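*Asks:* Let me begin by handing over the structure; questions about it come next.
The values are calculated or read from the model by the stated rules, or taken from the named source; none is laboratory data. No experiment lies behind these values; they were computed from the predicted model shown. With ideal geometry, Cβ positions are generated from the backbone for all residues, glycine too; neighbour counts draw on all protein chains shown.
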Amino acid sequence: MSIAIGGVEVPGGIAVTIDAVGCFSASRFRLVVSTGYNAAFGADYFGNAGGQRIGISLIPDGGGLVPLLSGVIDNVTLDFRNDVAVLSGRDLSALLIDTDVAETFQNQTASQIAETIAARHGLAAQVQPTQTMVGQYYDTDHARNVLGLNARIGNEWGLLCQLAEAEGYEVAVWGQTLMFQPPSATVAAMLPCTGFSSLEVDVACAVPQAVQVKSWNCRQKRAIAVSAGGAGRSATSVRPNLGADEALAMARNQLGMAMGHGRMLVGTMPGEMVLQPGVRFGLYGTGSGFDAVYGVMAVRRMIDQAGGYQQIVRAQAVSA
C-alpha cells in the first residue's frame, strides 16, 4: 500500500478501509498508519495532517501503483499506546461539498457548470454535454425557477446533484476526475458465484409492484395522476408541478428502483477495481433465477496485513 499526503510519500501504512458509495455521495476512507515507523512521520506530523489531500494506492505484485482513492483528511485520531494514527475523510467530492455556491449559472448548461466547477478545484472532467440552459429547466413551470432553486442549495455538490437529477445524469468523483454523465447500462463483467467467498441474496417480499405519481400542474391548472406497474402492492409519490410525461417517467423510474431493491446481493470476494458503484455485472452459476444482472450500489475495500486485499460488494438486481 502506498500513501501520499500533500504530495509527500508517507511510510508505515498498516490497514485501510474504503467505502465507495457511488453517485451523489462521497466515498469515505479510514486509514491506520504507524507513528513509530519513521521519526519524520510521527505523532506531530499526523496531528497536523488534517485538511490535506491524500492519495491511497495499491502496489500489486507486478509493480506499479493502482490508485484506490484520492481524498481529503477530515479527522485524525492519535493512539499513543499503540503508536498509530487513524486518518479518516472523504473523496475529492469533499472539495465541492465544502464550497458554497456563489452564483446562479443561469446562462450556462449543466455540463458547462460541471466543467467550470471541476476546473476550480483542479479536477479533470469527464462530462457528457447537455443542451438546455439551466434557466430553462422550469420554463413551463413558473412556480419554480432556477434562481430560487440555487438559493436553496448551499454548496457546489448539491447544485451538481440537482442538475444531474434534472438531466437524468449521475455525478461522482472517481480519483481526481469529476464524472457528470448518463448512467451506463453496459454489463462490465460476468462473475461466477464461486468467485465469491460468501454470497447472499436477500429477497424482500413487500416491494411495491406499482407506483403512482400525483401532481398539480400550475401552468395547466389541473391534477396529474399516472401509474406504472401492475396489480398488487402499490406506492404513491406526490411531487409538485409535473406534466403527464414527466410524472410517467418518474413513476417508471421509481418502480424500477423499487423492484431492484427486491433482490439485494451481498458478496465477499478478493479485491479488484472493476466493480465500482454504478457498474453492472452478470452473476451466473447458481443454477437458479438469481443468475441475473446486478447493479453495484456500494463496495467496501479492505487492505490489512492479516486478510490482504478483500472487498464486500452490495448490489441490487436490475433484471430477473
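*Asks:* Look through region 263-276, keep the residues that are more than 20 Å from Tyr309 (Cβ to Cβ) and among the hydrophobic types (A, V, I, L, M, F, W, C), and return whichever of them is surrounded by the most Cβ atoms within 10 Å (Cβ to Cβ). Break it down into steps so the answer makes sense when it comes.
*Replies:* Residues of region 263-276 that are more than 20 Å from Tyr309 (Cβ to Cβ), as a first pass: 263-265.
Filter again for among the hydrophobic types (A, V, I, L, M, F, W, C), leaving 264-265.
Numbers: Met264: 17, Leu265: 22.
By that ranking, first place goes to Leu265.
*Asks:* Name the residue that is surrounded by the most Cβ atoms within 10 Å (Cβ to Cβ), counting only residues in region 156-213 that are free of Cβ contacts under 8 Å to residues at least 40 places away in the same chain and in a helix (DSSP H, G or I).
*Replies:* By that ranking, first place goes to Gln162.
*Asks:* Of everything in region 114-131, what is over 12 Å from Tyr169 (Cβ atoms) and either touching a Lys or Arg at 6+ places or on another chain (Cβ under 8 Å) or not charged (D, E, K, R) (or both)? Give them in sequence order. Don't jump to the end; show me each part of the working.
*Replies:* Within region 114-131, the subset over 12 Å from Tyr169 (Cβ atoms) is 115-125, 131.
Those that are over 12 Å from Tyr169 (Cβ atoms) and either touching a Lys or Arg at 6+ places or on another chain (Cβ under 8 Å) or not charged (D, E, K, R) (or both): Thr116, Ile117, Ala118, Ala119, His121, Gly122, Leu123, Ala124, Ala125, Gln131.
*Asks:* Determine which single condition Gly285 fails, assuming it passes every other condition in (1) touching a helix residue (DSSP H, G or I) at 6+ places or on another chain (Cβ under 8 Å); (2) under 23 Å from Val32 (Cβ atoms).
*Replies:* Tallying (1) touching a helix residue (DSSP H, G or I) at 6+ places or on another chain (Cβ under 8 Å); (2) under 23 Å from Val32 (Cβ atoms), Gly285 fails exactly one: (2).
*Asks:* Please specify each residue of region 214-224 satisfying the condition of being hydrophobic (A, V, I, L, M, F, W, C) and loosely packed, with under 14 Cβ neighbours inside 10 Å.
*Replies:* Step one: filter region 214-224 for residues hydrophobic (A, V, I, L, M, F, W, C), giving 216, 218, 223-224.
Ala223, the sole residue that qualifies.
*Asks:* Hey, can you tell me all the residues within region 26-37 that are among the small types (Gly, Ala, Ser), surrounded by fewer than 19 Cβ atoms within 10 Å (Cβ to Cβ) and not in a strand (DSSP E or B)? Show your work before the answer.
*Replies:* Initially, region 26-37 is screened for residues among the small types (Gly, Ala, Ser), giving 26-27, 34, 36.
Right, trim to surrounded by fewer than 19 Cβ atoms within 10 Å (Cβ to Cβ) and you get 34, 36.
Across region 26-37, the qualifying residue is only Gly36.
*Asks:* Condition (residue is surrounded by fewer than 14 Cβ atoms within 10 Å (Cβ to Cβ) and touching an Asp or Glu at 6+ places or on another chain (Cβ under 8 Å)) applied to region 226-244: is it met by at least one residue?
*Replies:* Checking region 226-244: not a single residue is surrounded by fewer than 14 Cβ atoms within 10 Å (Cβ to Cβ) and touching an Asp or Glu at 6+ places or on another chain (Cβ under 8 Å).
*Asks:* Anything in region 264-317 that is assigned to a loop (DSSP other than H, G, I, E, B) and on the phi > 0 side of the Ramachandran plot? List them, or say none. Don't jump to the end; show me each part of the working.
*Replies:* The initial filter retains those residues of region 264-317 that are assigned to a loop (DSSP other than H, G, I, E, B), namely 271-279, 285-292, 305-307.
If the condition is that a residue be assigned to a loop (DSSP other than H, G, I, E, B) and on the phi > 0 side of the Ramachandran plot, then Gly278, Gly285, Gly287 are the ones that fit.
*Asks:* Of the residues that make up region 78-93, is at least one touching a Lys or Arg at 6+ places or on another chain (Cβ under 8 Å) and not in a strand (DSSP E or B)?
*Replies:* yes
*Asks:* Also: Just to be sure, is Ser111 farther than 20 Å from Ala4 by Cβ, touching a strand residue (DSSP E or B) at 6+ places or on another chain (Cβ under 6 Å), buried (at least 16 other Cβ atoms within 10 Å of the Cβ) and among the hydroxyl-bearing types (Ser, Thr, Tyr)? Before you say what the answer is, go through the steps one by one.
*Replies:* On the way: farther than 20 Å from Ala4 by Cβ: yes; touching a strand residue (DSSP E or B) at 6+ places or on another chain (Cβ under 6 Å): yes; buried (at least 16 other Cβ atoms within 10 Å of the Cβ): yes; among the hydroxyl-bearing types (Ser, Thr, Tyr): yes.
When the stated conditions are applied, Ser111 passes them.
*Asks:* Looking at region 277-292, can you tell me whether even one residue there is crowded, with 18+ Cβ neighbours inside 10 Å, acidic (Asp, Glu) and more than 22 Å from Ala172 (Cα to Cα)?
*Replies:* no
Listed here are the residues, each with its yes/no results for (1) touching a Lys or Arg at 6+ places or on another chain (Cβ under 8 Å); (2) under 30 Å from Gln276 (Cα atoms); (3) of a type outside the set (A, V, I, L, M, F, W, C).
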{"site": "Glu165", "(1), (2), (3)": "no, yes, yes"}
{"site": "Pro182", "(1), (2), (3)": "no, yes, yes"}
{"site": "Leu191", "(1), (2), (3)": "no, yes, no"}
{"site": "Asp202", "(1), (2), (3)": "yes, yes, yes"}
{"site": "Ser234", "(1), (2), (3)": "no, no, yes"}
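*Asks:* Please indicate, with yes or no, whether at least one residue in region 45-65 is surrounded by 13 or more Cβ atoms within 10 Å (Cβ to Cβ), touching a helix residue (DSSP H, G or I) at 6+ places or on another chain (Cβ under 8 Å) and either in the same structural domain as Ile14 (by TED's automatic domain parsing) or not in a loop (DSSP other than H, G, I, E, B) (or both).
*Replies:* no
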